[in-house]
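Beneath this line is the structure, given in structure tokens, with notes to follow.
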Amino acid sequence: MTAPWWNVLAVLPSLLLSPLLLGVIGKTKALVAGRKGAPLLQPYLDLLRLLGKGAVYSRTATWVFRAAPAVSLAAILLAGFMLPAGPLVPPLAFPGDLVLFAYLLALSRFAVIAGAMDTGSAFEGMGASREAAFSAFAEPAFFLVLGVLAWEEKSLSLGVILGGADVVSWSAQIPPLALASAALFLILLAENSRIPVDDPTTHLELTMIHEVMVLDHSGPDLAFILYGSALKLWLFGAVLVSMLLPAGGPAWASMALFLGGMAGVAVLVGLVESAMARLRLVRVPQLLGLAAVLAGLAALLLMAGGLP
Amino acid sequence: MSGWASTVLVAVILLDLLLSVTSRLSVLIRGFAVQAAGIALLALLLDGFDSPHAWIVAGGTLVLKAVAIPYFLNRAVIRTNARRELEPLVSYGTSLLLAALGVLLAFALASRLPMEARRAGLLIAAAAFATMVTGLLLLVTRTKALTEVVGYLVLENGIFLFGLTLLRRMPLLVEMGILLDVFVGVFVMGIVVYNIHRTFDHIDVSALTTLKEDEP
């Protein structure tokens, strides 16, 4: 591979701006509810505050618990190396990297789940079991969406299928594109434990999924996990925005469109969170089933488009 | 086929999926009405906006199926006080899965169809079959009389959609006759549903199997 070193720059926006995404979501929710809300940069301050603190470890917890935040964050960081950012080409690209992308995110989730089980707390075990179950439902839908994109662009590399979105080929395929992006948005909500799947702000252990798993983490560990989940939100948002964005045009315009699109995704998530309540747990698999059906329909339409 | 027509067809298929999962009768009726309106629009999109034949068919469909029939059904919902389908024979999750399988089946069937009417494309036949399958699904798996009426109407939507591929050859009289039949049918079913409700205090059709004359 002879990718120039400055391709690494494609990772910078995600590293620097992902906590801002959480800030935008929080601000949107506050404005819709008629409050003033926390400042946009609050997530950065939270991370700084947590990094300055010490960590507390339970006596029953082993090295699994201590390793979990670092492994999780590292896996997500590596996944970020495969995504393009607007005009910037991803530094890591090879045929089939979309499978690695999906399973790096799965590895990060596995680390958090293992850490949660390691605490020996009943609450966290419950959250871990829910997270594992729902991610099993989200995975087929996510692969169907990636499959749709790969089929359309005839490539198995994320950099190509997301970066090279050709305006002409897509404008002929509006319905499958719309279906696939709707499915991806549902997956984004589920994977990042946002409302209507999970409530990121609640403190009732019985209703939480993701948050309950990280109850025992503190200090820098918690900062790693928070930063990791912000990054993950950014990654899913970046997949959604890049698959919709047309390629070409001047680099600065493409970058501005990309960043604007990311802000748009954050506002959309905020609006959904303001408008909806959490679904009952038994309804969540139905929601993810819907995402899979939408993505499947998109695939069907694409294939049918190839028929006479 | 224009991009607009295929967008409407995809919307029709999505509405099929919605109809197969919703538990609220009001959503069911509104979904059916929107689907009928979409099909009316499709009649215009496929046949061109300058054909008077298409305008009459679209107008008739819109007035009867998107306005009049939903109005009667909503009145029946209020009178029988049945807001929700509480006990379907299969769960809503399974329903969605079956409907999705139906869509798959519809595409497989449509691609095998030796249609000279392919001028409208594969998608319209697939959407028509998918809508018919959804209608059948609603008819078979629901237990409330009103839901079954909607199932019958959705089935009819599918048949009408399939007829659109042959619109130029289908005489206007036949179209109008079908629409009138459907309307009268819904009218009668509304009265029947109300009477079932008055006699039994609910509109659960599974109870109808126990209906018997007294043994002599």
* Structure fact -> Restricting to lysines and to Cα separations under 20 Å from A:LYS27, and discarding same-chain partners fewer than 8 apart, the set is A:LYS36, A:LYS232
* To do: Let me see the pair-distance distribution of the protein assembly as shown: every alpha carbon pair, 20 Å bin width, integer percents in order.
  => 20, 46, 28, 6, 0
* **Test item: Cα-centred dipole of chain A, Lys/Arg +1 and Asp/Glu -1 on Cβ, debye** => 560 debye
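About its Cα centre, what dipole magnitude does the protein assembly as shown give when the only charges are +1 on Lys and Arg Cβ and -1 on Asp and Glu Cβ, stated in debye to the nearest 20?
Numbers: 32 positive and 32 negative charges, 164 e Å.
Charge dipole, the protein assembly as shown, about its Cα centre: 780 debye, nearest 20.
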* **Rounded to 10°, Cα long-axis angle of helix B:52-61 versus longest principal axis of chain B** => 20 degrees
* Contour minus end-to-end for A:ALA256 and A:ALA67, with contour as 0.36 nm per residue of separation and end-to-end as the Cα-Cα distance? -> 64.3 nm
* To do: Could you state the angle between the C-alpha long axis of helix B:3-21 and the longest principal axis of the C-alpha atoms of chain B, as a value from 0 to 90 degrees rounded to the nearest 10?
  => 10 degrees
* **Bins of 5 Å, starting at 0 and running to the largest distance - Cα pair percent for region A:81-153** => 3, 14, 18, 19, 16, 12, 9, 6, 3, 0
* To do: Place +1 on the Cβ of every Lys and Arg and -1 on the Cβ of every Asp and Glu in region B:39-98, take the dipole about the Cα centre, and give the residue among B:ILE69, B:LEU98, B:VAL57 whose Cα lies farthest towards its positive end.
  => B:ILE69
* Structure fact -> Under the 7 Å Cα-to-Cβ spin-label approximation, A:ARG283 and A:VAL8 lie apart by a distance in nanometres of 4.7 nm
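Can you tell me, using C-alpha contacts under 8 Å and at least 6 residues apart, the relative contact order of chain A as a whole percent? All intermediate terms of the calculation are to be shown ahead of the outcome.
Numbers: 463 pairs, mean separation 91.6, N = 308.
Computed over chain A, the figure is 30 percent.
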* At a Förster distance of 56 Å, what's the computed FRET efficiency of B:ASP50 paired with A:PHE143, Cβ-Cβ distance as r, to 0.05? -> 0.75
* **Calculated FRET value between B:VAL192 and B:LEU172, using beta carbons and R₀ = 41 Å, to 0.05** => 0.85
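Take chain B, mark every one of the GluC sites (Glu not before Pro) that falls in a DSSP loop and has at most 12 other Cβ within 10 Å, then report the longest stretch left between them, sites excluded. Walk me through the intermediate numbers first.
On the way: sites that count: B:GLU116, B:GLU213.
The longest uninterrupted stretch comes out as B:1-115.
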* Structure fact -> One checks the Cα atoms of region A:208-283 and finds Rg and Dmax, in Å, of 16.3, 48
* Asked: Per 10 Å bin from zero, what fraction in whole % of the C-alpha pairs of chain A is there, up to the bin with the longest pair?
  -> 6, 27, 36, 23, 7, 1, 0
* To do: Helix by helix through chain A, keep the DSSP H runs that span 24 Å or more along the axis on Cα and average at least 0.0 on Kyte-Doolittle, and give those back in order.
  => A:12-32, A:63-80, A:97-118, A:122-153, A:174-191, A:219-244, A:251-275, A:284-305
* How large are Rg and Dmax for region B:72-115 when only the alpha carbon atoms are used, in Å? -> 16.8, 47
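Could you work out how much longer the chain between A:VAL89 and A:SER218 gets when fully extended? Use 0.36 nm per residue separation minus the Cα distance between them, nm to one decimal. Display every interim value, and only then the final one.
Working: separation 129, 0.36 × 129 = 46.44 nm, distance 3.60 nm.
The A:VAL89-A:SER218 span can extend by a further 42.8 nm.
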* Intensity falloff of region B:1-46 expressed as log10 I(q)/I(0), Debye formula with alpha-carbon point scatterers, at q = 0.17, 0.25, 0.27 Å⁻¹ -> -0.47, -0.82, -0.90
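Once the Cβ-Cβ distance between A:ALA102 and B:ILE159 is put in as r, and R0 is 45 Å, what FRET efficiency do you end up with, to the nearest 0.05?
Details: r = 42 Å, r/R0 = 0.94.
Step by step, r from the Cβ atoms, then E = 0.60.
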* To do: Identify which of A:GLY147, A:GLY127, A:GLY260 has the largest mean-square fluctuation in a Gaussian network model of chain A, with springs joining Cα atoms closer than 10 Å.
  => A:GLY260
* Asked: Does a label point 7 Å from the Cα of B:VAL34, set along Cα-to-beta-carbon, have any residues of region B:133-161 with amide nitrogen under 14 Å, and which are they?
  -> none
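Take the Cα gyration tensor of region A:1-143, multiply each eigenvalue by 5, square-root it, and list the three semi-axes largest first, rounded to whole angstrom. Intermediate results must be reported in sequence, preceding the final value.
Numbers: eigenvalues 151, 118, 60 Å².
Here the semi-axes work out to 27, 24, 17 Å.
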* **Descending principal axes extents, region B:3-111, alpha-carbon based, whole Å** => 47, 38, 18
* Structure fact -> For B:ARG84, the residues 5 or more places away or on another chain with a placed amide H closer than 5 Å to its own amide H are B:LEU25
* To do: Within 10 Å of each Cβ in peptide B:148-158, how many partner chain Cβ atoms are there on average? Round it to a whole number, please.
  => 0
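Only the coordinates and a few stated rules stand behind these numbers; no lab work does. Treat the numbers as computed from the prediction; the structure is a model and nothing was measured. Using ideal geometry, Cβ is built from the backbone for each residue, glycine included, and neighbour counts are taken over all protein chains shown.
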